[in-house]
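Report on the structure given below.
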Amino acid sequence: MNIKSKLFISYSILLVIFMIVSSISFDAIKRWNKTADNLKSIQEYSTHVNKIRSLMYRQINLGRDFIDDNSITAERIIELSSLIETTLVQFHDKPLTEVEISHFEALEETAVELDWIFKGIIVQKEKNDTEFNKANARKSLSEIVDEISDDIFILNKLYRNQITESIESSKHAGEKAVYLIFLSIAVVLILLIILFVLNQRWLVKPIDEVNKITQKISNGNFATRFDSVQNDEWGDLAKSINNMARSLQKYEIQYRSKERILALGEVAAYTAHNLQNPLAGIRAAVQYLTSKKEATKEQIEYYNDIIDSIDRLNLWIKRFLDFAKPLDLVKKTINVNSIVELALKSVKSKIEFSKVSINFESGNIPEINGDAILLEQLLSVFINNAIEANSSKIEIKTISETDKDGYESVLLTIADNGDGIAEDVKKKLFQAFVTTKQSGTGLGLAQAKKIVDLHYGELTIESAEKIGTNINIKIPSQN
């Protein structure tokens, strides 16, 4: 499983747990609010009940005063009756329990009865009825007071019980909410710790290990490797770094080998340079011997063989020194077609002697910025190789190529039908001193590769034994 999936699963689990705890906490807070709303409703009901009791008691007290005192008007008593009725009607639209409904209906009946009693008292008192009995009137009002007290007491007791239950429920909901909040905090902290540990394992530790390994590699310890490779992005990165270190180690070995070869080359170049003067003296001495009258025909042949060997050795030394020293380009604007013509002229005698057929197809090509002498030397090497490979026909062609970015190049192809190149030689074709010819130095193709590289070109050789060889040289134009 990759790191992206691991992190996605971890954060998803964290989100799910957080949502569950949050949902439970929200439910607890919702219940807490509902309990608070119930408390508010119960308090409103209790206030209304006590208001009804207060209005009824006030009406009864005014009625008692009205019985004994003519200063109390009937209108005040009737006004209170209307106010009591209005207060009782307010409970009709409220959600009530069966017990509440029963006692509110009893209060309404009591209010009706009280209104009926007061109307009778008012009528009798206004007529100055001699049969009006004040004691009986007071007794009726006292009985009404008892009925009111019983109903109000039961309702208040009911509301007190409901308030107590609501407070307990609210307390329980609050404790649950606090517990869940602390639980949420604890869960989040635990998950954060787990994520921290996982991040240390999945991110910080691998980064630290990568840093240590790359630091060792940057310090030149190319044998450093990751011991364990995970099956994730870090594993892919570790494999890439291991491959990079392996390649650097290989290149280091090659570089050290080239350094040793370069050092040997310098020594060899110095030795070859110092051999030129003695060889010139030997050649002059042998040439002198051939000019003497005493020299027989057989001796002269031996002397000529010695001179030929010295000339070949001098040629080898010259090519070796040319290869060893750095090439200095003298660039100018040139046309590759004209360079091909010059190269063909330089090997004209060899072409005529070998009787090889050469066809040059010059194309409409752009000019390049290059060294004419080195390029002529390059083409001479390939043409000479084609002739020496027993070719009967050589095709030379130049064309213009344009890449996808619009840059032009000159493509020069040299194809022959000679002996071709052996498979074991192809792998080391451009290495110095690699040759299949008895008199070859093995420096021609290596020097040709250097010349092409100096012109930022590409050199590819395709060959098959007994079929022939195709050489492709691509050099970018001056544009």
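This table checks each residue for (1) in contact (Cβ under 8 Å) with a residue 40 or more places away in the chain; (2) under 45 Å from the mean Cα position of the chain (by Cα); (3) surrounded by 20 or more Cβ atoms within 10 Å (Cβ to Cβ).
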{"residue": "E388", "(1), (2), (3)": "yes, no, no"}
{"residue": "S392", "(1), (2), (3)": "no, no, no"}
{"residue": "I396", "(1), (2), (3)": "yes, no, yes"}
{"residue": "T402", "(1), (2), (3)": "no, yes, no"}
{"residue": "L411", "(1), (2), (3)": "yes, yes, no"}
{"residue": "I414", "(1), (2), (3)": "yes, no, yes"}
{"residue": "N417", "(1), (2), (3)": "yes, no, no"}
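No other residue among V178, V145 is hydrophobic (A, V, I, L, M, F, W, C) and more than 60 Å from the chain's Cα centre (by Cα) apart from V145. The residues listed here are A177, A186; of these, the one that is closer than 30 Å to F26 by Cα, at pLDDT below 75 and in a helix (DSSP H, G or I) is A177. With respect to being loosely packed, with under 14 Cβ neighbours inside 10 Å, polar (S, T, N, Q) and not in a helix (DSSP H, G or I), N221 fits the description.
Quick check: anything in the stretch 259-279 under 30 Å from S10 (Cβ atoms) and modelled with pLDDT of 80 or more? Within the stretch 259-279, none of the residues are under 30 Å from S10 (Cβ atoms) and modelled with pLDDT of 80 or more. Looking across the stretch 357-375, the residues that are surrounded by 21 or more Cβ atoms within 10 Å (Cβ to Cβ) and closer than 18 Å to T413 by Cβ come down to I368, G370, L375. Tallying residues that are free of Cβ contacts under 8 Å to residues at least 24 places away in the same chain and polar (S, T, N, Q) within the stretch 444-463 yields 1.
For the condition exposed (fewer than 12 other Cβ atoms within 10 Å of the Cβ) and either within 60 Å of the chain's Cα centre (by Cα) or at positive phi (or both), I185 qualifies. Can I167 be described as farther than 30 Å from I24 by Cβ, at pLDDT below 80, surrounded by 12 or more Cβ atoms within 10 Å (Cβ to Cβ) and not charged (D, E, K, R)? Against the criterion (farther than 30 Å from I24 by Cβ, at pLDDT below 80, surrounded by 12 or more Cβ atoms within 10 Å (Cβ to Cβ) and not charged (D, E, K, R)), I167 does not qualify. Entry remark, the stretch 283-301: residues being in a helix (DSSP H, G or I) and either of a type in the set (S, T, N, Q) or exposed (fewer than 14 other Cβ atoms within 10 Å of the Cβ) (or both) number 10 in total.
Checking K134 against (1) in contact (Cβ under 8 Å) with a residue 24 or more places away in the chain; (2) surrounded by 15 or more Cβ atoms within 10 Å (Cβ to Cβ); (3) not aliphatic (A, V, I, L, M), which single condition isn't satisfied? Single failed check for K134: (2). Output the number of residues of the stretch 307-347 satisfying the condition of being modelled with pLDDT of 85 or more and either assigned to a helix (DSSP H, G or I) or aromatic (F, W, Y) (or both). Matching residues across the stretch 307-347 total 10. Figure legend. Inter-residue proximity from the stretch 203-226: first residues more than 16 Å from L237 (Cα to Cα), second residues at pLDDT below 85 and hydrophobic (A, V, I, L, M, F, W, C), beta-carbon distance below 6 Å, spacing 6+ or different chains. Indicated pairs: F222/A245; F222/L248.
The values are calculated or read from the model by the stated rules, or taken from the named source; none is laboratory data. Note that the structure is predicted; figures quoted are calculated from it, not measured. All Cβ positions, glycine included, derive from the backbone under ideal geometry; neighbour counts span all protein chains shown.
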